[in-house]
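> Take a look at this one; I'll ask things after.
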Amino acid sequence: MTTPKHIYPDTAVPLPIAVRISEASRLTGLGKTKLYALIASGDLTKVKIGGATLIPMKSLEALLEQGSRL
């Protein structure tokens, strides 16, 4: 049985729909500067809510699926 994509592998905790830049950096292994550059180039979507910059998980997944095409 495979684990659904929206569940962390070791738990039954659903993935968040969006994460802060620092968490996106931890999840992808990319630095914050690179993430901000990807946002500026339009390759990564951001959502601003108050002072928080959030990255939708779908945007991170799409970025990783694109891989070396960037």
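> Please tell me if I49 is in contact (Cβ under 8 Å) with a residue 24 or more places away in the chain and under 21 Å from P16 (Cβ atoms).
Answer is no for this residue.
> Tell me the residue from T53, T28 that is among the hydroxyl-bearing types (S, T, Y), within 18 Å of E65 (Cα to Cα) and under 12 Å from the mean Cα position of the chain (by Cα), please.
None of the other options fit; the residue is T28.
Rule-based calculations on the coordinates, nothing more; no lab input. Quick caveat, the model's predicted, so the values are computed rather than measured. A quick note on method: Cβ atoms are made from the backbone with ideal geometry, for glycine too, and the neighbour counts reach across all protein chains shown.
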